[in-house]
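The values are calculated or read from the model by the stated rules, or taken from the named source; none is laboratory data. None of the values given here were measured: they were computed from a predicted structure. Here the Cβ positions follow ideal geometry from the backbone for every residue, glycine too, while neighbour counts run over all protein chains shown.
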Amino acid sequence: MAQNTLAPAGNEGSIVKRILMQSTIPYAEDDWHIGRFGMLRDTLAGMRGEDGEVLFDVTARDRDPVDAPDSVLSQLDASTYDELWLFAVDVGDGLTSEDCEAIGRFRERGGGLLVARDHMDLGSSVCTLGGVGAAHYFHTKHLDPDPSRHQNDDTITTDISWPNYHSGANGDYQRIAALLPLHPVLQDVAYLPSHPHEGGVGKPADDDSARVIATGRSAMSGRAFNLAVAFEPSPRIGPAIAQSTFHHFADYNWDPGTGSPSFVSEAPGHALAASPEAQRSIRRYAENVALWLAGYPIPARG
């Protein structure tokens, strides 16, 4: 996908904001390490302000070994990062209590946070994150409060259980339904990458700052499911997004030719490669999220 230049309206001169893209696993070649999100990294790093200067300095890293707090996440509140894009690709051990507490303090000082997970219990370490963790539902931890959603949707990959919404093949795209009022991150966004088994997210019942902003529809059952929950910023806490799957941002979903871990068994699709409109929409969403988490207005684009 080609990069795109953006200019936050009313921003007098670019102020470079720092984004940390981090996985919740130590580097493993045959897994969803942070190197598999390189197209997203390049998209964010390629954004420009009105003056033509770079808007974001992007660092991409995997977590340290899981037998101790992560050296960066556990000190995030004392860092100079402005945003954390956390890709929860672990099996439940990706965050320590020290990591979660520091991420919470990071938001309390105004930091922006995106947390993306996947099906079943993948990424369930985020359950212990204050606020945003409550928006993520899993199979054995923090279950969706609606029991009617405790059922399999992806019946092709039978070893994966709920939540596992089938929005389409990796490499294809899905049309989203933006809920009104339209959230700024969905401006000029009609499509996201599809995935055979997306996870479950929803509005925490006791958090009035949060709302579901977009839904998808299963290509198998026809059921609607939530794609993203937005947490509005306030003077006491920064903005956040809970995303149903990290596959909305993975290289393999933007371009299956980049490859995937060997345990991915589903055949990829090729619809996204044939649709410049969907490619543009997907890139727009990533750019909009970066701007919104940074506190920048999102400019209108033609």
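For every residue, the table says whether it meets (1) within 17 Å of Ala88 (Cα to Cα); (2) of a type in the set (Ser, Thr, Tyr); (3) in contact with an Asp or Glu (Cβ under 9 Å, 6 or more places away or on another chain).
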| position | (1), (2), (3) |
| --- | --- |
| Asp172 | no, no, no |
| Ala190 | no, no, yes |
| Ala205 | no, no, no |
| Ala210 | no, no, yes |
| Arg217 | no, no, no |
| His247 | yes, no, yes |
Take Val229 and decide whether it is assigned to a strand (DSSP E or B), of a type outside the set (Phe, Trp, Tyr) and in contact with a Leu (Cβ under 8 Å, 6 or more places away or on another chain).
no
Subset tally (residues that are of a type outside the set (A, V, I, L, M, F, W, C), buried (at least 20 other Cβ atoms within 10 Å of the Cβ) and part of a helix (DSSP H, G or I)) for the stretch 105-149
4
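Taking the conditions exactly as written (over 11 Å from Arg61 (Cα atoms), modelled with pLDDT of 95 or more and surrounded by 15 or more Cβ atoms within 10 Å (Cβ to Cβ)), does Leu6 satisfy them or not? Write out each step before concluding.
Working: over 11 Å from Arg61 (Cα atoms): yes; modelled with pLDDT of 95 or more: no; surrounded by 15 or more Cβ atoms within 10 Å (Cβ to Cβ): yes.
No; evaluated as a whole, the condition is false for this residue.
I'd like the full set of residues that are acidic (Asp, Glu) and either touching a Cys at 6+ places or on another chain (Cβ under 9 Å) or in a helix (DSSP H, G or I) (or both), limited to the stretch 258-302. Give the derivation first.
Step one: list which residues in the stretch 258-302 are acidic (Asp, Glu), which gives 266, 277, 287.
Answer for the stretch 258-302, where residues must be acidic (Asp, Glu) and either touching a Cys at 6+ places or on another chain (Cβ under 9 Å) or in a helix (DSSP H, G or I) (or both): Glu277, Glu287.
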Can you find, within the stretch 67-85, the residue that is nearest to Ala242 (Cα to Cα) among those that are in contact with a Gly (Cβ under 9 Å, 6 or more places away or on another chain) and among the aliphatic types (A, V, I, L, M)?
Leu84
Residues in the stretch 150-204 that are assigned to a strand (DSSP E or B) and of a type in the set (Gly, Ala, Ser) total 3
Take the stretch 45-76 and flag every residue that is closer than 17 Å to Val126 by Cα and among the acidic types (Asp, Glu).
Asp62, Asp64, Asp67, Asp70
Against the condition over 21 Å from Ala230 (Cβ atoms) and under 17 Å from the mean Cα position of the chain (by Cα), how does Thr43 come out, does it pass?
no
Name the residue that is surrounded by the fewest Cβ atoms within 10 Å (Cβ to Cβ), counting only residues in the stretch 208-256 that are within 26 Å of Ala60 (Cβ to Cβ) and among the charged types (D, E, K, R).
Asp255
